[in-house]
Amino acid sequence: MQKNFKVFAISRFHVFQLAKILKDEGLLRLLVTAYPKFKIAREWPVFVDVSKSYPFYAFLRYVVILLKRFNINILSSKLQESMHNRFAKTTASLISEKDDVVIGLSSFMEESIISAKLCGVISIVEHGSLHISTERDILLKECDKHGYQKFGNWQHLWMIEKMDREFTNADYVFCCSTLAKKTLIDKGVDESKIFSNPLGVDLNKFNQHKNNSGPFKYLHVSNMSPLKGIQYIIEAFKMMSDLDCELWLVGPMPNEIKLQKLINSTPKVIYHGYVSEDELPAIYNQCDVFVHPSLSDGWAMTVLQAMASGVPPIVSDMTGAKEVVNDGSNGWVVPAGDKNSLYNTMLIAYNNKEELISMGNRASAFVNSGYSWDDYGKRLLDILSIIEKKSNS
């Protein structure tokens, strides 16, 4: 297998896990990130000797987030575009003929792909969501339907165009699910260059220690945007107002004012705000059902976290992680954007509390049988072996 890999990850996402697998195999030559060096030393010491940090980009990302929070959208878009272009140019300058493969997140790879081609290096774009044009098609309709302001990366035409060029020019495209792969193919990406590898979960952190007493608890964990279907969760939950149940929400308060009002005005909604990953296991283990009816999701790592914790999930058919949900056995799959189907399924779960225990056990067993980060790593190495054979043929 090729020996010199460089990984470009402005943020951790799941790419740090990918980089760690390469490091453990002695394949990682360099990890380039905006993650500060002191945090790498504290949280990811495995990368201390192979990482190059540019915290300036972390500062820019923080400013972009603040601008979006205050709906200063034109300035945030311009700054975000500049950040993406500058990080991509920075990483492109670090590629040489000594490298074998470069891997980086989509929308940050265009200049690196060009540099890689000039140096005879294989380029791989890591794409964590559905095709961004698919996401745009879905969420433009959603914003029109509910009167929401535009939000998220799909609103930026410059980013869509940049990703399309990356998908066209890269040697390979990695994605997280068969659903994501389908949307890429539907939008014109060459199927022969796409590899799907489901993400993993830390089974040492997320496991069954159930402590769910009191009212029946539905749980949702996400960034709480309309993309995640939070509006449908609350509307379905409101139809259960006469039942002894609560809806726990974990994540930052949405930017969308209408969603803020919906959360704050609905009885028995318990809003926990942002919770660190170290605190999440205790939350999962207090809840009965995980609800994730996303309108567009390349994977959704929280689904695996819930299942590993013995919490059966209700997911939408537009969530990549639906491929680990055996409908009616270890969870349920419902149509995206369908409040009534979601309500009916939440009600079925409520009325079958004893069966939920068995479903939770099956969910945990299924995740433990093939969805750890080690399992993800084995699949990754198999894919890289295929790519090496192609490059040598």
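Structure values in brief
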read-out	value
Rounded tilt (10° steps) of 157-169 against the dominant C-alpha axis of the chain	60
Helix 15-24 vs. the chain, principal-axis angle (Cα, 0 to 90°, nearest 10)	60
Leading residue at positive end of dipole, region 53-112 (Cβ point charges), from L105, N71, F59	N71
Cα→Cβ-extended label distance, 7 Å offset, between D382 and S93, nm	4.1
Expected 222 nm ellipticity per residue - DSSP helices of 4 or more, -39500 (n - 2.57), all of the chain, to 500	-14000 deg cm²/dmol
Accessible surface of the chain, 1.4 Å probe, proportion on carbon and sulfur as whole %	52
On Cα atoms only, tilt of 73-92 relative to the major axis of the chain in degrees	40
Percentage relative contact order, the chain, counting C-alpha pairs under 8 Å, at least six apart	13
Unsatisfied cross-links (Cα-Cα over 30 Å) in the set K162/K261; K187/K339; K182/K258	K162/K261; K182/K258
Distance in nm between pseudo-label sites at E277 and T178 (7 Å out along the Cβ direction from Cα)	2.7
Å² per residue, accessible surface of region 170-275 at 1.4 Å	41
Label-point separation in nm, R69 to L118, each point 7 Å along Cα→Cβ	3.9
Long-range amide H partners of I270 with built H, under 5 Å	L247, W248, L249
Alpha-carbon centroid distance for the pair region 228-259 / region 192-215, whole angstrom	22
Extension gain, L347 back to L79 (0.36 nm per residue minus Cα-Cα distance, nm)	92.0 nm
Part-to-part distance (alpha-carbon centres) for region 17-84 and region 303-349, which is given in Å	32
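The values are calculated or read from the model by the stated rules, or taken from the named source; none is laboratory data. Quantities reported herein were computed from a predicted structural model and do not represent experimental measurements. Ideal geometry is used to build each Cβ from the backbone, glycine not excepted, and the neighbour counts take in all protein chains shown. The accessibility values were calculated without ligands, DNA or RNA, using every heavy atom of the protein model including side chains. Shrake-Rupley method; radii C 1.70, N 1.55, O 1.52, S 1.80 Å.
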